[in-house]
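A.B. asks: Quick one: the structure is below, questions incoming.
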Amino acid sequence: MDQRIGIDIGGTKTEIAFFRLVGTNAELQIQARERSPTSIKNGYEPWISALAQAISQIAEKQGVDLEKVSFLGLGAPGSLNSENQTLVRSSIPDLSGKQIGDDLVQVLGLPKLPHRLENDANCFLRAEMLYGSGQKFVKETKDGLALGVTVGTGLGGGIWVRGKIFGGHRGLAGELGHTVVRPQGKSCFCGRRGCAERYISGVGIREAYQEKVGPDQAKRASEIFALAEKGDPIATEVIHETKEIFALLLGNLINALDPDLIILGGGVSNQPLLLDGMQALLNKGMFYGYQAPPLLRHTLGDSAGSIGAALID
Ligand SMILES: [Zn+2]
């Protein structure tokens, strides 16, 4: 039996999950999942201590001896510097440059516990490929290429090649939220202008709507989708523009990578209107004579991040 811990650190919530991999087929058993607000407002050290305390409490409740845990994985937003296991320009600024894994195992009193940190979209894609909507594909072909795209508060991505996540030369591969879709477009925290994340994300959709209706009529992305479903002309226009930019991004990625499939995750990707007609929109933009690969929805829901983190090694 292989006892593991996966931690998915999100902008608003953090999930700690305990897993077991059982048998020769590495059947995944979820023992415990706990979600709590990501609260770093009192500083990084108190946050790490609270995280360690929450892990110890789950272990106690589940009767798990932390000394017997074989691996602890962490997923968080931001690009990974694979040399020193830190995040570069995380959208959770307090985490940038911090050696979260090292610090956490120290506070847990388990300095030898193997651990690794990775971009959260990579964790999502690994989980979906091994235990979610890509599972069948992985079983049938070992050579394929898949793309994971997470549309939530921000926009993340991951690339899966021949049975594992492709990190690129320095761990930057798949950082597709910061590819430019609008030259001279909106400025982004990464330092560039017109990044895909500024448009195809919960925040991007909210801002696009607000620009059309004025600052005093702010709405959440889910409310804007609901208005568009009812035929509201401004919300419909915003969603239409978002989809056009999304199709442009996906079309560019398909032409560059020629993936076998694309798996979509993140809260905004659950909106049926976002994907309605998207396959046809993509086919229209394909290189002559080619069809776009299938766009699949995620099947693991909120658990994908922590599952993928627990399986990093
Ligand atoms: Zn950017």
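The values are calculated or read from the model by the stated rules, or taken from the named source; none is laboratory data. Remember, it's a predicted structure, so these values are computed and weren't measured experimentally. Glycine gets a Cβ as well: all are built from the backbone with ideal geometry, and neighbour counts include every protein chain shown. The accessibility values were calculated without ligands, DNA or RNA, using every heavy atom of the protein model including side chains. Shrake-Rupley method; radii C 1.70, N 1.55, O 1.52, S 1.80 Å.
A.B. asks: Once you sort the root eigenvalues of the Cα gyration tensor of the stretch 175-220 as a ≥ b ≥ c, which label holds: rounded (a/c under 1.5), prolate (a/b larger than b/c) or oblate (the other case)? Spell out each step's value before the answer.
C.D. replies: Numbers: a/c = 2.70, a/b = 2.01, b/c = 1.35.
It is prolate, given that a/c is not under 1.5 and a/b is the larger ratio.
A.B. asks: At a temperature of 37 °C and a viscosity of 0.692 mPa s, determine how fast the stretch 150-266 diffuses translationally according to Stokes-Einstein, using the Kirkwood radius over alpha-carbon pairs as Rh; express D in µm²/s, rounded to the nearest whole number. Don't skip to the answer; put the middle values down first.
C.D. replies: Working: Rh = 15.2 Å.
Result for D is 216 µm²/s.
A.B. asks: Note down the net charge around Leu66, summing +1 for each Lys or Arg and -1 for each Asp or Glu among other residues with Cβ under 13 Å from its Cβ. Can you show the working numbers first?
C.D. replies: Working: positive: Arg4, Lys61, Lys68, Lys112; negative: Glu60, Asp65, Glu67.
Combined, the nearby Lys, Arg, Asp and Glu give +1.
A.B. asks: Would you mind checking the pairs Lys139/Lys164; Lys13/Lys41; Lys243/Lys284; Lys68/Lys112; Lys212/Lys284 and listing those with alpha carbons more than 18 angstrom apart?
C.D. replies: Among Lys139/Lys164; Lys13/Lys41; Lys243/Lys284; Lys68/Lys112; Lys212/Lys284, the Cα-Cα distance tops 18 Å for Lys212/Lys284.
A.B. asks: Taking each pair of distinct Cα atoms in the stretch 1-84 once, what is the resulting Kirkwood hydrodynamic radius in Å?
C.D. replies: Numbers: mean 1/r = 0.0717 Å⁻¹.
Evaluated over the stretch 1-84, this radius sits at 14.0 Å.
A.B. asks: Find the accessible area per residue for the chain; the probe is 1.4 Å, ligands and nucleic acids are left out, and the unit is Å². Intermediate values should be presented prior to the final figure.
C.D. replies: Values: 15130 Å² over 313 residues.
Per residue, the chain has 48 Å² of solvent-accessible surface.
A.B. asks: How big is the Cα convex hull of the chain in projection, averaged over all directions, in nm²? Don't jump to the answer; show the numbers that get you there.
C.D. replies: Values: hull surface 68.6 nm².
Projected area, direction-averaged: 17.1 nm².
A.B. asks: Can you find, among Gln53, Leu66, Leu95, the residue sitting farthest towards the positive end of the charge dipole of the stretch 38-103, where Lys and Arg contribute +1 and Asp and Glu -1 at Cβ?
C.D. replies: Result: Leu95.
A.B. asks: If the only charges are +1 at each Lys and Arg Cβ and -1 at each Asp and Glu Cβ, what is the size of the charge dipole of the chain around the Cα centre, to the nearest 20 debye? Could you put the intermediate results ahead of the total?
C.D. replies: Values: 32 positive and 34 negative charges, 55 e Å.
The dipole of the chain has a size of about 260 debye.
A.B. asks: At 222 nm, what helix-only mean residue ellipticity would the chain give, in deg cm²/dmol to the nearest 500, using -39500 (n - 2.57) for each DSSP H run of four or more?
C.D. replies: Values: 10 runs with 109 residues, N = 313.
When only DSSP H runs of four or more count, the value is -10500 deg cm²/dmol.
A.B. asks: If you place +1 on the Cβ of every Lys and Arg and -1 on the Cβ of every Asp and Glu, how big does the dipole about the Cα centre of the stretch 60-123 come out, in debye to the nearest 20? Working shown, then result.
C.D. replies: Working: 6 positive and 9 negative charges, 11 e Å.
Magnitude of the dipole: close to 60 debye.
A.B. asks: Probe radius 1.4 Å, ligands and nucleic acids left out: which of Asp2, Asp94 has the largest accessible area, and how do the rest follow? List each step's numbers first, then the result.
C.D. replies: Details: Asp2 40, Asp94 75 Å².
Descending accessible area places them as Asp94, Asp2.
A.B. asks: Okay, next question. Would you please put 300-308, 179-187 in order of how densely packed they are, using the mean number of other Cβ atoms within 10 angstrom per residue and starting with the highest? Display every interim value, and only then the final one.
C.D. replies: Numbers: 300-308: 24.2, 179-187: 13.8.
Order by mean packing, descending: 300-308, 179-187.
A.B. asks: Cα gyration tensor of the stretch 72-182, axes a ≥ b ≥ c as square roots of the eigenvalues: rounded (a/c below 1.5), prolate (a/b > b/c) or oblate? Walk me through the numbers before you get to the answer.
C.D. replies: Details: a/c = 2.12, a/b = 1.32, b/c = 1.61.
Here the stretch 72-182 falls in the oblate category.
A.B. asks: Over the stretch 49-171, what is the relative contact order in percent, taking alpha-carbon pairs closer than 8 angstrom and at least six residues apart? Let's see the in-between values first.
C.D. replies: Working: 174 pairs, mean separation 27.1, N = 123.
RCO, the stretch 49-171: 22 percent.
A.B. asks: List every DSSP H helix in the chain whose Cα atoms extend 18 Å or more along the helix's own long axis and whose mean Kyte-Doolittle hydropathy is at least 0.5. Don't skip to the end; give the middle numbers.
C.D. replies: Working: long enough: 44-62 (27 Å, -0.12); 233-257 (36 Å, 0.86).
Membrane-span-like by this criterion, though nothing is claimed about a membrane: 233-257.
A.B. asks: Once you have a ≥ b ≥ c as the square roots of the Cα gyration tensor eigenvalues for the stretch 206-309, tell me rounded if a/c is under 1.5, and otherwise prolate or oblate according to whether a/b is larger than b/c. Could the numbers behind the result be given before it?
C.D. replies: On the way: a/c = 2.36, a/b = 1.37, b/c = 1.72.
Oblate, because a/c is 1.5 or more while a/b does not exceed b/c.
A.B. asks: If each of Glu34 and Ser187 carries a label point 7 Å out from its Cα toward its Cβ, how far apart are those two points in nm?
C.D. replies: Each label point lies 7 Å from its Cα, and together they span 4.2 nm.
A.B. asks: If I stretch the segment between Val22 and Glu67 completely, what's the gain in nm (0.36 nm per residue apart, minus their alpha carbon distance), one decimal?
C.D. replies: Numbers: separation 45, 0.36 × 45 = 16.20 nm, distance 1.84 nm.
Taking Val22 through Glu67 to full extension adds about 14.4 nm, to one decimal.
A.B. asks: Something else: Scan the stretch 204-295 for chymotrypsin sites (Phe, Trp or Tyr not before Pro) in coil per DSSP, keeping those whose Cβ has at most 15 other Cβ atoms within 10 Å, and list them by number. Numbers along the way, then the final one.
C.D. replies: Details: sites: Tyr209, Phe225, Phe246, Phe287, Tyr288, Tyr290; in loops: Phe287, Tyr288, Tyr290.
Qualifying residues, ordered by number: Phe287, Tyr288, Tyr290.
A.B. asks: Output wanted: per-residue J couplings in Hz (rounded whole) for the stretch 298-308, from phi through Karplus 6.51 cos²θ - 1.76 cosθ + 1.60, θ = phi - 60°, x for Gly and Pro.
C.D. replies: 5, 10, 8, x, 5, 7, 4, x, 6, 5, x
A.B. asks: Roughly how many percent of the accessible protein surface of the chain is carbon and sulfur, given a 1.4 Å probe and a whole-percent answer?
C.D. replies: Working: 7450 of 15130 Å².
With neighbouring chains kept in place, the figure for the chain is 49 percent.
A.B. asks: A further question on this structure: By how many nm would the segment from Glu211 to Arg116 lengthen if fully extended, with 0.36 nm per residue of separation less the alpha-carbon distance? Working shown, then result.
C.D. replies: Numbers: separation 95, 0.36 × 95 = 34.20 nm, distance 4.07 nm.
In short, 30.1 nm is gained.
A.B. asks: On a C-alpha basis, how far is the centre of the stretch 1-48 from the centre of the stretch 275-301 in Å? Whole number, if you could?
C.D. replies: That distance is 32 Å.
A.B. asks: Further, regarding this structure: Starting from the stretch 191-260, pick out the trypsin sites (Lys or Arg not before Pro) whose DSSP state is loop and whose Cβ has at most 11 other Cβ atoms within 10 Å.
C.D. replies: Numbers: sites: Arg192, Arg193, Arg198, Arg206, Lys212, Lys219, Arg220, Lys230, Lys243; in loops: Arg192, Lys219, Arg220, Lys230.
Here the trypsin sites (Lys or Arg not before Pro) that fit, given the DSSP loop and packing criteria, are Lys230.
A.B. asks: Using Cα-Cα distances under 8 Å and only pairs 6 or more residues apart, what relative contact order does the stretch 12-121 have, in percent? Don't skip to the answer; put the middle values down first.
C.D. replies: Working: 156 pairs, mean separation 25.2, N = 110.
Worked out over the stretch 12-121, it gives 23 percent.
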